[in-house]
Amino acid sequence: MQPNDPILTLRDVQVHFPIKSGILKRTSGHVRAVDGVDLDVYRGEVLGLVGESGCGKTTLGKAILQLVRATNGTVTYQGDGGETELTTLDDAGLFAFRKRLQIVFQDPHSSLNPAFTIFGSLEDPLRHYGVKTRKERRKIVGDLLEAVNMRRESMDRYPHEFSGGQRQRIGIARALSIQPELVVCDEAVSALDVSIQAQVLQLLMDLKREKNLTYVFITHDLSVTEFLCDRIAVMYLGKIVELCDAEELYSNTLHPYTEALLSAIPVADLDRKSQRIVLEGDVPSPVNPPSGCPFHPRCRYAQPVCRTDVPQLRRYRGKSGQHLAACHLIDHPLAD
Amino acid sequence: MEMGNDVALSVRNLKTYIYTNNRCNRALDGVSFEIRQGKTLCIVGESGCGKSVTAASIMQLLPTLSRIEDGEITYHGPDGPVRIDALERDGAKMRAIRGKEIAMIFQDPMTALNPVYSIGFQIKEMLRYHTSLGRKDRHSKAIDLLRSMGIPLPERRVDEYPHLYSGGMRQRAMIAIAMSCNPRILIADEPTTALDVTIQAQIFELMDTLKRENGTAIMLITHDMGVVAELADDVAVMYMGNIVEAGPVGKVLRKPVHPYTRALLDSIPVLGRGKDQEIKAIPGQTPDPYNRPTGCQFADRCAYRVSACDEMPPETMVADDHRVMCWRYQEFMADAAE
């Protein structure tokens, strides 16, 4: 991993969904799903995006792929052909670009069309991106299925004939079919049983090595990210509250939310039992986020300043010198 | 907690079969365990292993096309033992036990609550059938229950409908319903799977308190080894309708004997072990429940398979509180002791 080689740069990305109400469908407010995110994704890394439901992690993933258009901010892709600003691309421009960015969806049961054979689902991207003959496509699809440890012959069967783990592997094969550079995995293993989850995780890691991929791995499971990711961004109510190396996040947790999140995870190790920090209440609504620090109503360290001022992401030394956290109460930030 | 006789429910050699299209799924194929007063038994396993069918058998809430073929479920109530499996599913006796003595929390709070009745109504319904409380007492008891579950503004919330509650609050409302008659046994079927970890921590805290303060016996069904390590006193590992290993949580998690328990523990990333930890996937997948192997159900995926595995291994006690179903347990015992 080269730390100074970003493949994707997000600056102040906001995704606000309008809420329409009344017979005139006037906009009465906004859901601030993603509310000002700055993020660099480095070439060849696995970046984890973690947070609870409703924190905006999936929306951010979709905003990267332009499946949801950002209402503000820039998403810049740095490929071989120089920089491309994705947010201003029109449909034709995006179509050409989608080749580089792919996504693996969460639910393997709804992301494959039940009326298509596996070959039908997998040949589509190939046809659109220039593999002309059917014979060639069949060969590529067969190779792809073998790459995800499935039999070539599976391509003529229908999705309902496969188990959840197999379908997820087909989803991965589809995402990889046109040789993308960056793959967004949106809760790619969450719907799977534990023994199958390990198979898919290993497959993802092997493919990354072979094909030199970059992953943005969206999940709510911090035990998976620790195993898989190089860096982790923790999100809360549409904002990144902490971002650093995976190892650093677990050994030198700075943000109180990350601390509570980590302590709440049941650990399958009797010798590592830690004290649970139980957060009061639920995640506030992103329609009406609290003033100041979005986490302050649930934070056990909250001070008056947290209620009034929004904390910015600041840089801390940590082990790598690249530890970012957004909290008023952490001392000694580094000057930028 | 009663001394000496603290078994709240015992299940012996339970066989529950489910029928479809002339085919038979032997969902439970000889399952035995006990739930003790003031203790938590965790039943852990992958989807399709029969954990939910076990809960449904105890509650007599099995689907119509299924039957308890053999075995016994005995509830050790205050009036002596009752054979639950012999009771009529909808009979007065079963209805008196279900909800009052043995209560259940379901997996999905979004669908388990009735959307057209207020939360308060659904709690009071339990009190109306199972207690002699009057109308006003029921109302105030419902408010007390919601308050003890940590629902803010219970006086107002009691009249609200489920859609106004968040996921965590709905699950707490369900626990309130389950706890309304002070049941002696609480069966929780994946109570936190649909919830975020911070909300999950709140629910666990609540269940721990119930166990400590009321001596409730808890049977918790989960697929998450982390939850087991966190909450269980005893653990039973299920695979395809059998309990393959059971014992106190310390023994089963620290010195697992059955190859499936070991493989399961090796296949999950554990928080705090860093990036270098090795996870080993279990090869293959669970067999078709309608077309099971004749012998050990795990044999096809097991790295230690021998010819003896073509026959079903017996349940063997390897210590007075630790049992396992595997032909080669002695070898695994020896290297667990190392």
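Can you tell me which condition A:Val278 does not meet? The list is (1) assigned to a loop (DSSP other than H, G, I, E, B); (2) facing another protein chain (nearest Cβ under 9 Å); (3) among the hydrophobic types (A, V, I, L, M, F, W, C); (4) under 23 Å from B:Gly274 (Cβ atoms), and all the others hold.
Answer for A:Val278: the failing condition is (4).
Quick check, is B:Pro269 farther than 22 Å from B:Arg12 by Cβ, in a loop (DSSP other than H, G, I, E, B) and under 22 Å from the mean Cα position of the chain (by Cα)?
No, not satisfied.
Please go through the stretch A:199-222 and pick out each residue that is polar (S, T, N, Q) and either at pLDDT 90 or above or open to solvent by less than 10 Å² (accessible area, probe 1.4 Å) (or both).
A:Thr214, A:Thr219
Given the options B:Pro283, B:Pro259, name the one that is within 13 Å of chain A (Cβ to nearest Cβ), farther than 22 Å from A:Arg272 by Cβ and loosely packed, with under 14 Cβ neighbours inside 10 Å.
Answer to the check: B:Pro283.
Can you name the strands (runs of 3 or more DSSP E) wholly within the stretch A:79-189 that have at least 2 residues being farther than 26 Å from A:Thr225 by Cβ?
A:82-85
For the stretch B:192-217, enumerate the residues that are within 22 Å of B:Val53 (Cβ to Cβ) and in contact with a helix residue (DSSP H, G or I) (Cβ under 6 Å, 6 or more places away or on another chain).
B:Thr192
Report those helices (runs of 4 or more DSSP H) wholly inside the stretch B:105-198 carrying at least 1 residues which are open to solvent by 60 Å² or more (accessible area, probe 1.4 Å) and of a type in the set (Ser, Thr, Tyr).
B:109-112, B:119-130, B:135-148
Say we look at the stretch A:210-228 and pick out the residues that are more than 14 Å from chain B (Cβ to nearest Cβ) and more than 13 Å from the chain's Cα centre (by Cα); which of these is nearest to A:Val267 (Cα to Cα)?
Ranking the qualifying residues of the stretch A:210-228, first place goes to A:Leu213.
Which residues, counting only those in the stretch A:30-52, are open to solvent by 20 Å² or more (accessible area, probe 1.4 Å) and out of contact with any Asp or Glu (no Cβ under 9 Å at 6 or more places or on another chain)?
Once the filter is applied, which keeps residues that are open to solvent by 20 Å² or more (accessible area, probe 1.4 Å) and out of contact with any Asp or Glu (no Cβ under 9 Å at 6 or more places or on another chain), the stretch A:30-52 yields A:His30, A:Val31, A:Arg32, A:Asp35, A:Asp40.
Please list, ordered by residue number, the strands (runs of 3 or more DSSP E) wholly in the stretch B:1-52 having 3 or more residues that are open to solvent by 20 Å² or more (accessible area, probe 1.4 Å) and under 25 Å from B:Gly284 (Cβ atoms).
B:7-20, B:23-36
Would you call A:Arg298 open to solvent by 50 Å² or more (accessible area, probe 1.4 Å), in the same structural domain as A:Thr258 (by TED's automatic domain parsing) and not hydroxyl-bearing (Ser, Thr, Tyr)?
Taking the combined requirement at face value, the residue does not satisfy it.
Hey, can you tell me all the residues within the stretch B:286-332 that are crowded, with 17+ Cβ neighbours inside 10 Å and not in a loop (DSSP other than H, G, I, E, B)?
B:Ala299, B:Arg301, B:Cys309, B:Val318, B:His322, B:Arg323, B:Val324, B:Tyr329, B:Phe332
Which residue, of B:Ile175, B:Ile143, is in contact with a strand residue (DSSP E or B) (Cβ under 7 Å, 6 or more places away or on another chain) and either among the hydrophobic types (A, V, I, L, M, F, W, C) or without any contact (Cβ under 8 Å) to a residue 24 or more places away in the chain (or both)?
B:Ile175
Return a yes/no flag: does the stretch A:236-253 have any residue that is closer than 19 Å to A:Ser53 by Cα and in a helix (DSSP H, G or I). Explain how you work it out, then say what you get.
Residues of the stretch A:236-253 that are closer than 19 Å to A:Ser53 by Cα, as a first pass: A:236-243.
Still in the running and in a helix (DSSP H, G or I): none.
Taking every residue of the stretch A:236-253 in turn, none turns out to be closer than 19 Å to A:Ser53 by Cα and in a helix (DSSP H, G or I).
The values are calculated or read from the model by the stated rules, or taken from the named source; none is laboratory data. What you see is a predicted model, and the numbers here were worked out from it, not measured in a lab. Cβ: placed from backbone, ideal geometry, glycine included. Neighbour counts: every protein chain shown. Heads up: the accessible areas ignore ligands, DNA and RNA and are worked out on the full protein's heavy atoms, side chains in. Shrake-Rupley method; radii C 1.70, N 1.55, O 1.52, S 1.80 Å.
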